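The values are calculated or read from the model by the stated rules, or taken from the named source; none is laboratory data. What you are looking at is a predicted structure, and each value in this text was computed from that prediction instead of being measured. Note that we place each Cβ from the backbone using ideal geometry, even for glycine, and neighbour counts take in every protein chain shown. Surface accessibility is based on the protein's heavy atoms, side chains included, excluding ligands, DNA and RNA. Shrake-Rupley method; radii C 1.70, N 1.55, O 1.52, S 1.80 Å.
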Amino acid sequence: MTLGLAAKASRVAVWLSMALLPQKKKRKDPGLPGASHSWAGDGPLTLAKFSEVGIFLVERKMGSSRRSFLSQLARKKGFRVEERMSESVTHVVSENNSGDEVLELLDKQSGICRAALVDITWFTESMGAGKPLEVENRHRLQVKTAADGGPIGIPISQYACQRRTTLDNKNSLFTEALKVLAENAQLCENEGRYLAFTRASSILKSLPYSVTKIDDLQGIPSLGEHCKKVIQDILEDGICREVEELIQNERYQTLKRFTSIFGVGVKTADKWYREGLRTLHELRASKILLTKEQGAGLLYYEDLIVPVTRTEADSIRKIVEGAVHRFLPAAVVKLTGGFRRGKEYGHDVDFLITHQEEGKEQGLLYQVINWMAAQKDVVNVLRPNTAGDHDPLAKEIGHGGRAETCERATYAAVKVKDWKAVRVDLVTAPFGQYAYALLGWTGSQLFERDLRRYAKHFKHMSLSSHSLFDNEQKKFLSAATEEEIFAHLGLDYIPPEERNA
Ligand code: 8DG
Ligand code: CA
Ligand code: CA
């Protein structure tokens, strides 16, 4: 069978890596206790009744003695009051300050302004009611536009899952520069800096306007001094010298080259660099022992480095669907990852497969792969190699630090004349976990990371690609759709094409 792919490719060789999602397991570690502790001034450590609400009282204009009195009052009534602004603050309460003034204060403190900015009336009414009231518009502090070009009508969340990020990036000049810094941090194994640059870049991607002057950044969270300096350099000179120098840096160039080989991580790339290797040619000529993945990654390097197009992804979908439906005609095959978010190109193609009758999907991938491997005129699948699938976001889940592991197998494709090697991620999920798997495998990675961080910090819930566990009610929350998951988390629904954080 010939597939109408790019001119060069008349057939597709598929590089398959697959992961089987396990059945929902009974959880041993129930996670956090039902209510969080709160330090009640001079009194003993008490349990906050309304632990989901975290109040931060702005001292400015309120004064320290009134602030301390109000803090004690709230704690006595079972509210959690934080002394400092942090991620667990949900309500910033201020008296006689404008929203802009509060935002500026918060920006100086930590850059966190995800919380609702409310007037003291919300606080006094909630105290009167003996419970946290819903925030109504009349409680909210008004935030004016930050600058002429920066219409920040509402506070911008530091959480990607509370922002709408389309592919229309109006600040690519800055985000490309920050991406280089983020990549470099990753190549230096500095996760903190990597995240800081990635978050800053992601926030800029979500802005509905182009930043044209430094004032446009007012009220934007997650922008540290370093990021602001990069933006300022670009605004003034059109380039950022630090970034330009990095791009020319030999270690950066070499490690980027080596880590772009499938199966090669930073540690290996760095080792090769220290051994004096610089180019793929040198690597190929060296006697260095490669793992199976690395060998295949190097063999198909020239193919895999070329982004997969949407047309190619569609052709692969037909192949995968054909194979799946041979064994399970009613199975659902869903394109996920970047293509589901509307991207035109990807580094691989991701599919999620399920069947309405729970359990039917078990063993399906092995049948599918084996069958496809036999269809050498359609796809050319080679060399199954099983390994544990470690969820890269597992630490964001935070229930006892235990990662959900999936069974995973990587398959490589033979490259013959006119074939193109493409990486494909195949995942199956039991029907009951489908919505969670769909959300988890659609990305972007930062969007997923922030969903989990948000769930943990604000809802005391543990989100994964399998489930959502409520640590207070100590139960799993079921969801048939992504919309239901957002609702469980108390978040506005964000469609896939706005998850390009
Ligand atoms: P691209 O291919 O277009 O370049 O980007 P993408 O489609 O957004 O990225 P991706 O690397 O293909 O990943 C898509 C999503 O899949 C990502 O948001 C997180 C999720 N994901 C992995 N690996 C794993 C894993 O091993 N386990 C789980 N549970 N999720 C994973 O990428
Ligand atoms: Ca992908
Ligand atoms: Ca993938």
(request) Can you send over the solvent-accessible area of Asp237, 1.4 Å probe, protein chains only, in Å² to the nearest 10? (result) 110
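May I ask which of Lys205/Lys256; Lys77/Lys474; Lys49/Lys131 have a Cα-Cα span longer than 21 Å here? Could you put the intermediate results ahead of the total?
Working: Lys205/Lys256 23 Å; Lys77/Lys474 24 Å; Lys49/Lys131 9 Å.
From the list (Lys205/Lys256; Lys77/Lys474; Lys49/Lys131), the Cα-Cα distance tops 21 Å for Lys205/Lys256; Lys77/Lys474.
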(request) Could you tally the net charge around Glu321, taking each other residue with its Cβ under 13 Å from the Cβ of Glu321, Lys/Arg +1 and Asp/Glu -1? (result) +3
(message) Could you report the accessible area of Tyr493 in Å², rounded to 10, computed with a 1.4 Å probe on the protein chains as they sit in the structure?
(response) 70
(message) For region 293-370, what does the accessible surface come to per residue with a 1.4 Å probe? Please give it in Å².
(response) 43
(message) Using a 7 Å offset from the Cα along the Cα-to-Cβ direction at both Ala374 and Ile239, what is the distance between the two label points in nm, to one decimal?
(response) 5.8
(message) 5 Å is the cut-off here: which amide hydrogens, built 1.01 Å from N in the peptide plane, fall below it relative to Leu57, excluding neighbours closer than 5 in sequence?
(response) Glu82, Val93
(request) Would you mind classifying region 261-304 by shape? Square roots of the alpha carbon gyration tensor eigenvalues, ordered a ≥ b ≥ c; an a/c under 1.5 is rounded, otherwise it is prolate if a/b is larger than b/c and oblate if not. (result) prolate
(message) Going by Cα centres, region 219-286 and region 328-370 are how many Å apart?
(response) 34
(message) Taking amide H atoms as placed 1.01 Å from N in the peptide plane, list the residues 5 or more away in sequence, or in a different chain, whose amide H sits under 5 Å from that of Arg499.
(response) Thr165
(message) I want to check the label-to-label distance for Lys76 and Ile247. Put each point 7 Å from Cα in the C-beta direction and report it in nm to one decimal.
(response) 6.3
(message) Suppose R0 equals 22 Å. What FRET efficiency, 1/(1 + (r/R0)^6) with r the Cβ-Cβ distance, do Val135 and Arg66 give to the nearest 0.05?
(response) 0.50
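Contour minus end-to-end for Lys228 and Gln362, with contour as 0.36 nm per residue of separation and end-to-end as the Cα-Cα distance? Before the final figure, lay out the partial values.
Details: separation 134, 0.36 × 134 = 48.24 nm, distance 5.02 nm.
Extra length available between Lys228 and Gln362 comes to 43.2 nm.
Assuming R0 = 30 Å, can you tell me the calculated FRET efficiency for the pair Ser86 and Glu191, based on Cβ-Cβ distance, to the nearest 0.05?
Given R0 = 30 Å and the Cβ-Cβ separation, E is 0.90.
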(message) Using a Förster radius of 25 Å, what is the FRET efficiency between Ser478 and Glu344 based on their Cβ-Cβ separation? Nearest 0.05, please.
(response) 0.10
(message) Taking θ = phi - 60°, what integer Hz values does the Karplus form 6.51 cos²θ - 1.76 cosθ + 1.60 yield along region 240-252, in sequence order, with x for Gly and Pro?
(response) 10, 4, 4, 5, 4, 5, 4, 4, 8, 5, 5, 5, 4
(request) At 0.36 nm per residue, minus the direct Cα-Cα distance, what do Asp215 and Lys271 gain on full extension? Give it in nm, one decimal, please. (result) 15.8 nm
(request) On the protein heavy atoms, probe 1.4 angstrom, tell me the percent of accessible surface of region 261-304 carried by carbon and sulfur. (result) 59
(message) Please give the Cα centre distance for region 426-496 versus region 295-319, rounded to the nearest Å.
(response) 29
